[in-house]
Amino acid sequence: MARVLVVDDVAVNRELLVTLLGYSGHELAEAADGEEALTQARAFKPDLVICDILMPKMDGYEFVRRLRAEPAIAPTEIVFYTATFLEQEARVLADACGVGTVLTKPCEPEEILAVVAA
């Protein structure tokens, strides 16, 4: 099972992912913004981060930029999980910072589980 950090400023969105992935046996951590996520990533060393794009303090794009600048956590896989951006806009941002996967909210649980398994 994977170590997954879930980053979203909306508690209900985090709860959904944590509950779903918890039932699948993944080890989980949470953060409410990019600053908190960076601290969590340094300590938790996740295999995967599922991250919203628009958040207070530090958005998902800046979070990924800073994460990629730290050799110990730079290779961490990132998935953007967003409803605010249109899928095309989110993919442009993802490409700009080396994020390979974008999930749009709402998303079917099976799709989330398939992305995490991959």
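The values are calculated or read from the model by the stated rules, or taken from the named source; none is laboratory data. As the structure is a computational prediction, the values presented were derived from the model and not from experiment. Every residue, glycine among them, receives a Cβ derived from its backbone with ideal geometry; neighbour counts consider all protein chains shown.
Based on what the data block shows, is Leu5 part of a strand (DSSP E or B) and in contact with a Pro (Cβ under 6 Å, 6 or more places away or on another chain)? For Leu5, the condition - part of a strand (DSSP E or B) and in contact with a Pro (Cβ under 6 Å, 6 or more places away or on another chain) - is met.
Yes/no per residue for (1) modelled with pLDDT of 95 or more; (2) within 13 Å of the chain's Cα centre (by Cα); (3) of a type in the set (S, T, N, Q):
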{"site": "Asn13", "(1), (2), (3)": "no, yes, yes"}
{"site": "Glu27", "(1), (2), (3)": "yes, no, no"}
{"site": "Glu30", "(1), (2), (3)": "yes, yes, no"}
{"site": "Ala37", "(1), (2), (3)": "yes, yes, no"}
{"site": "Arg42", "(1), (2), (3)": "yes, no, no"}
{"site": "Leu48", "(1), (2), (3)": "yes, yes, no"}
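Counted as qualifying within region 24-118 are the helices (runs of 4 or more DSSP H) with 3 or more residues that are on the phi < 0 side of the Ramachandran plot, surrounded by 15 or more Cβ atoms within 10 Å (Cβ to Cβ) and charged (D, E, K, R), namely 60-68.
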